[in-house]
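Just below is one structure, and these are the notes that go with it.
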Amino acid sequence: MKKYSTVLLDADDTIFDFTACEGEALRLAFDKYGFQLNENIRKAYTMINKDLWEQFEKGLIDKATVINRRFRILFDRFEIKGNKDGFEEVYQEFMGMQHIFIDGAEQIIEYLYKRYDLYIVTNGVTKTQRRRIRESGIEPFIRRIFVSEEAGYQKPMKEYFDYCFERIENANRDETIIIGDSLSSDIKGGNNAGITTCWFNPKSLINTTDSKVDIEIKSLDELYEIL
């Protein structure tokens with residue numbers, strides 16, 4: 001078994017149930033503005049948001065474009081009328097309050113904290129991500145949180161990981177593993193960084209990309225045997 005000293009852990013859909021968090025934040029924001037939310041709108045928003053963030057990962061658009069477009073596209077598609085001033089900010093505020101964990105996430109974080117230098121690597125909005133991690137109670141177990149907005153680069157860019165490793169004490173890429181759910185962001189990023197990759201794949205998806213997976217797990221509990 002390879003020896004590791006450093007673990008880079010993704011946030012959304014690896015430790016936090018992003019779909020559940022997103023759905024609750026959306027419900028609260030729609031309620032505040034008096035808009036009607038149904039399952040079709042919720043699913044549409046999920047797809048719009050996912051598509052825009054994937055474009056961001058590929059460097060096709062910047063983060064501001066993601067933030068500025070997602071609700072405009074949604075509201076136009078469903079012809080949602082009314083005052084929408086500040087909706088994005090309100091949504092982000094509610095999103096920052098959501099920290100619903102993937103099964104076993106809290107326990108595995110405490111386990112890893114005792115054995116490795118543990119870091120969070122995440123794309124997203126700095127204020128939102130930092131608040132979620134702080135209010136979830138896991139911040140004391142994390143040595144540092146690396147958010148793409150602060151780095152000026154995003155996963156899977158090599159420059160993002162260079163930024164991280166410049167700030168990791170006694171960094172050794174040969175002893176570093178990244179754990180995440182996204183082939184295009186976490187696993188491809190790990191490939192670009194030259195570190196071991198662990199794909200969290202609870203839905204048993206097929207890897208049809210060129211991202212190289214070193215280890216694949218379907219449950220976070222499998223990490224007890226690997227690490």
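Assorted remarks:
- The residue that is surrounded by the most Cβ atoms within 10 Å (Cβ to Cβ), among those in the range 166-195 that are touching a helix residue (DSSP H, G or I) at 6+ places or on another chain (Cβ under 7 Å) and more than 26 Å from THR19 (Cα to Cα), is ALA193.
- Top-ranked residue of the range 147-156 - restricted to ones that are within 23 Å of PHE16 (Cβ to Cβ) and surrounded by fewer than 22 Cβ atoms within 10 Å (Cβ to Cβ), ranked as nearest to the chain's Cα centre (by Cα): VAL147
- No other residue among LYS32, LYS2 is assigned to a loop (DSSP other than H, G, I, E, B) and more than 21 Å from PHE101 (Cβ to Cβ) apart from LYS2.
- Residue within the range 133-141 that is within 17 Å of the chain's Cα centre (by Cα), within 27 Å of ASN68 (Cβ to Cβ), surrounded by fewer than 21 Cβ atoms within 10 Å (Cβ to Cβ) and without any contact (Cβ under 8 Å) to a residue 40 or more places away in the chain present: yes
- Inclusion of ILE187 among residues that are closer than 19 Å to ALA11 by Cβ, at pLDDT 95 or above and in a helix (DSSP H, G or I) is warranted.
- Matching residues in the range 107-127 - criterion: being modelled with pLDDT of 95 or more, surrounded by fewer than 17 Cβ atoms within 10 Å (Cβ to Cβ) and either in contact with a Lys or Arg (Cβ under 9 Å, 6 or more places away or on another chain) or closer than 21 Å to ASP17 by Cβ (or both): GLN107, GLU110, TYR113
- Entirely in the range 70-136, the helices (runs of 4 or more DSSP H) that have 3 or more residues that are among the hydrophobic types (A, V, I, L, M, F, W, C): 87-96, 105-113
- Checked against (1) farther than 20 Å from SER185 by Cβ; (2) touching a helix residue (DSSP H, G or I) at 6+ places or on another chain (Cβ under 9 Å), ARG69 meets all criteria but (1).
- Restricting attention to the range 5-20, the residues that are assigned to a helix (DSSP H, G or I) and either among the aliphatic types (A, V, I, L, M) or modelled with pLDDT of 95 or more (or both) add up to 1.
- Where ASP76 falls short, out of the listed (1) touching a residue at least 40 places away in the same chain (Cβ under 8 Å); (2) under 19 Å from GLY34 (Cβ atoms): (1)
- LYS212 vs. criteria surrounded by fewer than 22 Cβ atoms within 10 Å (Cβ to Cβ), under 18 Å from the mean Cα position of the chain (by Cα) and basic (Lys, Arg): no
- The criterion of being surrounded by 14 or more Cβ atoms within 10 Å (Cβ to Cβ), modelled with pLDDT of 95 or more and not basic (Lys, Arg) holds for ILE73.
- All positions within the range 205-221 that are within 13 Å of ILE187 (Cα to Cα), assigned to a loop (DSSP other than H, G, I, E, B) and not small (Gly, Ala, Ser): ASN207, THR208, THR209, ASP210, LYS212, VAL213, ASP214
The values are calculated or read from the model by the stated rules, or taken from the named source; none is laboratory data. Model, not experiment: these values are computed from the prediction. Methodologically, a virtual Cβ is constructed for each residue, glycine included, from the backbone with ideal geometry; neighbour enumeration extends over all protein chains shown.
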